[in-house]
Amino acid sequence: MTDHPHDDGPGTSDGLLTKAKPKTKRPSMYKVLLLNDDYTPMEFVVMVLEQFFGKSRDEATNIMLEVHHKGVGICGVYSFDVAETKAMQVVEQARQNQHPLQCTIEKE
Ligand code: TYC
């Protein structure tokens, strides 16, 4: 491959040996963070991590325990739209079950 999308170097495609400004950017990635609270059952948090973030029971349990002990933990890293949607779905699922679980996103 000669035409790398992230390297518009000299003489890329216009036939003139000029230095073109790169036109493409890698999309920013966003961490989905789970926050600890005193009320949401551990089992519910594990279920959320399996359901929305594709974690195995073991991975989900480890992340849940990290959040429980440290206050915050990373569920995954996604493009903005995917991260925003997952965080919304988690908070909505918690709300429907009367749990105060909070989930937010942070630019990497
Ligand atoms: N701290 C909660 C409890 O003791 C469990 C919990 C873990 C809640 C992770 C939220 O993001 C969380 N029941």
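Structure data summary
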| item | result |
| --- | --- |
| Lys86 modelled with pLDDT of 95 or more, surrounded by 17 or more Cβ atoms within 10 Å (Cβ to Cβ), of a type in the set (D, E, K, R) and under 14 Å from Leu33 (Cβ atoms) | yes |
| Test: residue in the stretch 34-42 that is more than 16 Å from the chain's Cα centre (by Cα), at positive phi, within 15 Å of the ligand (Cβ to nearest atom) and assigned to a loop (DSSP other than H, G, I, E, B) | no |
| Single unsatisfied condition, Thr24 versus (1) buried (at least 16 other Cβ atoms within 10 Å of the Cβ); (2) over 18 Å from the mean Cα position of the chain (by Cα); (3) more than 8 Å from the ligand (Cβ to nearest atom) | (1) |
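The values are calculated or read from the model by the stated rules, or taken from the named source; none is laboratory data. Values in this document were obtained by computation on a predicted structure and should not be read as measured data. Glycine gets a Cβ as well: all are built from the backbone with ideal geometry, and neighbour counts include every protein chain shown.
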